[in-house]
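Trainee: Okay, handing you the structure first.
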């Protein structure tokens, strides 16, 4: 079977994970080209991934790259506000697409991506790589087997730190037009996991958001929300980039009638609690040891298995494990939190015709960085 010709658009902070994932799947994926507006970003990223000696073509215009290379699979890791436009151009060129989180910044754009991919017969994957964590895969397996019994409630805590240096590296960060705040950028992975684990279907969200320390960004640096799921369970989200002095933890709790688990660590990469009526403490410790990972950063190890899955989805003509609809659901929940906080009342789902731009000016103007 021929390898899938692959290209990456956007060579910023997350790009090395995409290149490493493609290299780790070299039997199925051919790393052909990379693109960034700034050539120095390309060289920095290739240096970081020990890829300078590889025969990889460089571009500063992604449309030129699409025309010249005709890739079969493109990953988009540009600024969030460009995800939808670039994604649609890639899909129209006949490419399968992996889009970094968030899949878009509006429900309309997420719908357009899903519809275009279906019309063109290509695969659309939202890059929520934490679904592939060993810890998360194990919890999901037990949930699907019914081991938790009736789901009662779940909680997602993202207690991280982002300072001025992070935002000055890329001026689009923290803006309503190109990003959103900590919930959309730092917290959306765990928000995705909570919604996915608790049944996906949401009836109502009530939330508060605030900009407490980062007066040089437009959007929030703190968000808290309560979620009512259609199956009768509840969810709680606490997300912040204000934790002193550095990233503290990212945790996911699932509480069921016959089960309690906690995934923790810097990126929900270890199991810290494991309680079921038919599991002894000794068996629980074995599960914790077997399904833990210690990544070097908060991005974890999930990109490689996500790429493995997308390559298989292309070759087997099936949906990817994390498809465009999953990306839309994560986006919708963050936008629902924004809407509830702005209006000061509960918000019903599903949402339509809503975008991060609807919240421009919510916290006043940002001070110069």
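Computed from the coordinates by the stated procedures, all read-outs in this text should not be read as laboratory data. As the structure is a prediction and not an experimental result, all values here were calculated from the model. Here the Cβ is made from the backbone with ideal geometry for all residues, glycine too, and neighbour counts use every protein chain on show.
Trainee: Exposure proxy check: 351, 52 ranked by fewest other beta carbons within 10 Å?
Mentor: Ordered from fewest to most neighbouring Cβ atoms within 10 Å, 351, 52 come out as 52, 351.
Trainee: Subtracting the Cα-Cα distance from 0.36 nm times the residue separation, let me have the gained length for residue 53 to residue 168 in nm, one decimal.
Mentor: The residue 53-residue 168 span can extend by a further 38.3 nm.
Trainee: Report Rg/Rh for segment 50-96, rounded to two decimals, where Rg is the Cα radius of gyration and Rh the Kirkwood radius.
Mentor: Answer for segment 50-96: 0.99.
Trainee: Any chance you could check the Cα centroid distance between segment 77-149 and segment 299-369 for me, in angstrom?
Mentor: The two parts, judged by their Cα centres, are 9 Å apart.
Trainee: Sorting check: for 342-349, 5-12, which peptide has the highest mean count of neighbouring beta carbons within 10 Å, and how do the rest follow?
Mentor: 5-12, 342-349
Trainee: Give me the number: length gained by fully extending residue 286 to residue 61, i.e. 0.36 nm times residue separation minus the C-alpha to C-alpha distance, one decimal in nm.
Mentor: Length gained between residue 286 and residue 61: 76.0 nm.
Trainee: Just to be sure I understand: of the beta bridges DSSP finds with both ends in the chain, what percent are antiparallel, rounded to 5?
Mentor: 60
Trainee: Would you please give the FRET efficiency between residue 1 and residue 230, computed as 1/(1 + (r/R0)^6) with r the Cβ-Cβ distance and R0 = 51 Å, to the nearest 0.05?
Mentor: Efficiency for this residue pair is about 0.80.
Trainee: Something else about it: Among 360, 15, which comes first, then next, by fewest other beta-carbon atoms within 10 Å?
Mentor: 360, 15
Trainee: When a footprinting reagent is the concern and you count Cβ atoms within 10 Å, what order do 197, 184 take, fewest first?
Mentor: With the sparsest Cβ surroundings first, the list reads 197, 184.
Trainee: For every helix of n ≥ 4 consecutive DSSP H residues, a contribution of -39,500 (n - 2.57) applies; sum these over the chain, divide by its total residues, and give [θ] at 222 nm rounded to the nearest 500 deg cm²/dmol.
Mentor: Helix-only estimate at 222 nm: -10500 deg cm²/dmol.
Trainee: So what's the Cα pair-distance distribution over segment 223-369, bin width 5 Å, in %?
Mentor: 2, 7, 11, 13, 16, 18, 17, 10, 5, 2, 1, 0
Trainee: Right, another one. Under 8 Å for C-alpha pairs, at least 6 residues apart: give me the relative contact order for the chain, rounded to a whole percent.
Mentor: 20
Trainee: Turning to a different aspect of this structure: Over segment 99-242, what is the percentage of antiparallel beta bridges among all DSSP beta bridges, to the nearest 5?
Mentor: Approximately 65 percent, going by the DSSP bridge assignments.
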